[in-house]
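Reviewing the structure listed below.
The values are calculated or read from the model by the stated rules, or taken from the named source; none is laboratory data. Predicted model, so just to flag it, every value in this text is computed and none were measured. Using ideal geometry, Cβ is built from the backbone for each residue, glycine included, and neighbour counts are taken over all protein chains shown. SASA here: full protein model, heavy atoms, side chains in, ligands and nucleic acids out. Shrake-Rupley method; radii C 1.70, N 1.55, O 1.52, S 1.80 Å.
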Amino acid sequence: MDANQLNKPLLLSDGVEPDYVKKSSFLVSSVKWTLKIVMWVIFIAWVGLIFLYPGEIGNQLAEKIINATRGSVFGITGSLFVVFSAPVLIIAFLAVAHLIISGGDVFEKRKTSKSPRFRLWTFPVLVDGPFGVVSAAELIGIILFVVFIFWAVYAYTLRNLSLMTLFDIPSTEKGIVMLELTGLRFGMIGLLCLAFLFLPVARGSLLLRLIDIPFEHATRYHVWLGHLTMTLFTLHGLFYVIAWAIKGTLLKELLEWRNIGIANLPGVISLLAGLFMWVTSLHPVRKDYFELFFYTHQLYVVFVVFLALHVGDFVFSIAAGGIFIFMLDRFLRFCQSRRTVDVLSAKCLPCGTVELVLSKPRNLGYNALSFIFLQVRELSWLQWHPFSVSSSPLDGKYHLSILIKVLGGWTARLRDNILSMSETEPQKDLPFLTKTTITASVEGPYGHESPYHLMYENLILVAGGIGISPFLAILSDILHRVRDGKPCLPRKILLVWAVKKSDELPLLSTIDMELICPFFADKVKIEINIYVTRESEPSLEEGNVHVALNSSACPLSGCNMSILVGTGNNIWSGLYVIISTVGFVISVALLRIFYINPYQVSTWWYQGFLFIACMVASVIIFGGLVISLWHLWDKKVSARDEHEDNDRTKVKSAQSNETVATKDLRQKNLENFTTIQYGSRPDFQEIFGCTSRKWGHVDVGVIVCGPPTLQSSVAKEIRSHNIRRQRHQAIYHFNSHSFDL
């Protein structure tokens with residue numbers, strides 16, 4: 001490819017791709033599809049083996065694989081690791097190649113289908129009940145897990161009955177033996193579920209990015225799996241306790257710490273830690289006592305470590321793959337969060353909302369549906385809170401913005417700090433006055449790998465309260481792309497926003513659509529319907545612009561966000577995962593060659609401890625080496641960037657120099673396509689019906705950000721509309737964005 005070709009646009013004005021792009025796209029697509037097929041084959045084989053394992057066929061198949069690999073230096077532990085944990089790590093390796101080939105922040109324009117179609121991930125099937133809004137794909141997953149549990153219990157019961165006939169057990173002890181065998185089987189089923197439990201909470205995981213499930217959605221799967229796993233482990237312990245109580249050896253068995261075989265006391269400690277986490281994670285406790293939930297959930301370290309001591313290394317290796325991926329993500333987040341981040345500006349809006357503008361490096365990408373975790377050290381060294389990004393990546397290369405609704409103690413103290421910053425500005429006559437600062441640290445950004453908001457020509461955004469925050473980013477992103485001629489499908493956008501009081505309306509004025517894209521109404525049709533639910537009529541200040549109460553430029557005491565995040569750079573994050581995993585394998589091999597085998601170490605709990613110590617050491621040593629090189633590379637890249645300071649200055653000056661007249665003009669522009677209704681709630685049946693009549697037989701993307709009741713209401717109407725859909729009506733695709741609630 002010559003230099004002239006490099007300067008050509010990827011899409012010509014008539015939408016035809018150049019020949020060299022077609023050839024390159026075909027090759028890339030072929031490699032990507034090959035990788036996808038290989039990953040799917042490995043995943044299906046892995047899940048299939050786990051599903052069949054409780055039965056005779058699956059058990060025999062696993063034994064054949066174990067026997068084929070038993071002669072290695074890793075022994076039975078290595079064999080079980082290959083069967084149950086290695087597949088998910090191999091998929092992670094292939095995901096590295098897939099993400100690198102796919103590129104970073106690239107929007108691939110897709111062809112619009114001639115007729116709308118249902119999609120498993122976006123069609124809501126269940127909207128009420130304990131699971132919340134459940135898509136068709138999620139329902140299939142739930143059914144598969146339920147079937148697996150019933151099948152496993154049935155298969156293991158048959159195997160238990162078969163075992164009872166092989167031994168001459170006195171009739172008085174048969175019941176006790178059956179209880180212990182049943183407890184053992186429940187523990188095994190729980191361990192198989194544990195293999196999946198930690199995968200959804202690895203925020204920057206390559207696996208989540210591969211299937212494009214953002215962390216905010218994946219946490220639901222962790223919750224569901226957590227309830228299931230802890231139910232199984234509780235039954236595991238309960239059956240043993242009943243059996244021991246019948247035998248009269250309960251206290252002795254609970255305190256038993258065997259060297260050869262299962263060590264009971266570590267299992268008791270692990271189960272108690274799990275029960276504490278489980279009880280405090282229940283919705284009523286988590287809702288009213290979030291800090292209690294947060295702090296007790298750190299007991300996962302105790303839970304995992306003592307589980308390894310309880311079962312030993314070879315049994316623990318069954319669930320080690322998912323735990324290792326989580327450890328990789330957790331250490332990377334720890335490294336990223338050590339850096340303090342510049343708060344370029346902070347201001348308080350009259351509706352009780354705080355806006356923070358944070359500094360970021362140019363090469364740290366995100367999209368309009370991203371979110372970050374924020375820590376403010378003046379408020380707490382332990383608390384991290386998630387907030388949606390309210391700015392578009394195209395708003396500025398070196399900053400991003402978040403809107404924070406003051407709802408609890410932490411956010412109230414943050415607002416008070418910002419107010420005190422403006423009150424204690426250094427004065428000439430009071431040079432000794434100490435200025436309040438905000439020391440912020442950030443994890444992320446995380447979010448959808450694909451910009452779903454750009455993939456529908458017709459888009460409905462439904463927000464409740466501060467849920468408008470990510471939609472401000474979406475509107476800004478779309479307008480920037482339309483102005484710059486970048487790939488962008490949306491041409492019809494309906495924003496439905498429900499607020500309690502009219503003092504929240506100025507949040508919409510934080511985005512200047514006309515300034516971003518002059519005459520945007522000729523290119524994108526935007527309609528905004530606002531519902532003020534707790535006011536029956538406009539206030540006296542209706543039509544006036546609400547200015548920020550306080551705006552403060554914070555002293556730059558930190559630096560940019562760290563790029564050390566799983567979503568930051570595909571090559572470095574891939575090297576981090578691969579080298580850490582290889583380092584783990586090398587560590588275990590060296591340990592067995594030079595210590596375990598020569599000294600004939602046979603204590604189960606001790607080998608379990610050494611196994612998990614190798615996992616931790618490989619992440620810190622081998623992964624830490626990659627992170628150090630990654631950090632040096634980031635510093636070198638940042639040093640070459642000459643425009644960072646100019647952009648920061650522009651951010652602050654643009655915010656500080658905005659006049660009331662400018663805001664008045666912005667308000668008038670908003671009024672042209674905004675409808676406000678007082679004393680009513682959105683009627684989604686009417687909204688979707690009217691939209692179908694206006695937009696016709698098309699795909700419509702619906703994104704909802706608000707409380708669960710709002711999400712359920714929208715999902716219920718989408719399901720009803722799609723089921724009773726008549727000819728020439730739209731099909732709606734449901735997506736939810738759950739933070740900032």
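VAL637 fulfils the conditions (1) open to solvent by less than 80 Å² (accessible area, probe 1.4 Å); (2) β-branched (Val, Ile, Thr); (3) at pLDDT 90 or above except for a single criterion, (3). Taking the conditions exactly as written (aromatic (Phe, Trp, Tyr) and either over 30 Å from SER380 (Cβ atoms) or at pLDDT 90 or above (or both)), does PHE519 satisfy them or not? Yes: the conditions hold for PHE519.
Tell me, which residue of the stretch 272-318 that is under 21 Å from the mean Cα position of the chain (by Cα) and among the aliphatic types (A, V, I, L, M) is surrounded by the fewest Cβ atoms within 10 Å (Cβ to Cβ)? Checked the stretch 272-318; the qualifying residue surrounded by the fewest Cβ atoms within 10 Å (Cβ to Cβ) is VAL301.
Yes/no matrix, rows are residues, columns are (1) crowded, with 20+ Cβ neighbours inside 10 Å; (2) modelled with pLDDT under 90:
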site	(1), (2)
ALA473	yes, no
ILE478	yes, no
VAL482	no, yes
PRO487	no, yes
ARG491	no, yes
SER502	yes, yes
ASP512	no, yes
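Annotation: of all residues in the stretch 354-394 being open to solvent by 10 Å² or more (accessible area, probe 1.4 Å) and hydroxyl-bearing (Ser, Thr, Tyr), the one that is farthest from THR439 (Cα to Cα) is TYR366.
Just a yes or no: is a residue in the stretch 611-624 under 28 Å from ASP342 (Cβ atoms) and either touching a Lys or Arg at 6+ places or on another chain (Cβ under 9 Å) or in a helix (DSSP H, G or I) (or both)? Steps first, answer last, please.
As a first pass, look at the stretch 611-624 and keep what is under 28 Å from ASP342 (Cβ atoms): 623-624.
Filter once more, keeping what is either touching a Lys or Arg at 6+ places or on another chain (Cβ under 9 Å) or in a helix (DSSP H, G or I) (or both): 623-624.
Checked against the condition, which is being under 28 Å from ASP342 (Cβ atoms) and either touching a Lys or Arg at 6+ places or on another chain (Cβ under 9 Å) or in a helix (DSSP H, G or I) (or both), the stretch 611-624 yields at least one hit.
Annotation: SER72 fulfils all but one of (1) closer than 30 Å to GLN600 by Cβ; (2) modelled with pLDDT under 90; (3) assigned to a helix (DSSP H, G or I); the unmet one is (3). Applying the condition of being part of a helix (DSSP H, G or I) and modelled with pLDDT under 75 to the stretch 7-52 and asking which residue is surrounded by the fewest Cβ atoms within 10 Å (Cβ to Cβ) yields ASP19.
Conditions tested, residue by residue: (1) without any contact (Cβ under 8 Å) to a residue 40 or more places away in the chain; (2) buried (at least 16 other Cβ atoms within 10 Å of the Cβ); (3) aromatic (Phe, Trp, Tyr).
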| position | (1), (2), (3) |
| --- | --- |
| ILE586 | yes, no, no |
| ALA589 | no, no, no |
| PRO598 | yes, no, no |
| GLN607 | no, yes, no |
| CYS614 | yes, yes, no |
| LEU625 | no, no, no |
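Looking at the stretch 676-686, is at least one residue surrounded by 13 or more Cβ atoms within 10 Å (Cβ to Cβ) and modelled with pLDDT under 85? No, the conditions are met nowhere in the stretch 676-686.
Taken together, the criteria exclude VAL651 from residues that are among the β-branched types (Val, Ile, Thr) and either open to solvent by 60 Å² or more (accessible area, probe 1.4 Å) or modelled with pLDDT of 80 or more (or both). Residue-level check: of (1) surrounded by 16 or more Cβ atoms within 10 Å (Cβ to Cβ); (2) at pLDDT below 95; (3) closer than 26 Å to TYR221 by Cα; (4) not charged (D, E, K, R), ALA346 misses just (3).
Does the stretch 310-328 hold any residues that are outside any helix (DSSP H, G or I) and touching a Phe, Trp or Tyr at 6+ places or on another chain (Cβ under 7 Å), and which are they? Correct list: GLY312, SER317, ILE318.
Here's the yes/no breakdown for (1) among the hydrophobic types (A, V, I, L, M, F, W, C); (2) closer than 14 Å to GLY312 by Cβ:
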residue	(1), (2)
SER573	no, no
VAL577	yes, no
VAL585	yes, no
TRP604	yes, yes
GLY608	no, yes
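In summary, LEU232 fulfils each of the numbered conditions (1) in contact with a Cys (Cβ under 8 Å, 6 or more places away or on another chain); (2) assigned to a loop (DSSP other than H, G, I, E, B) with the single exception of condition (2).
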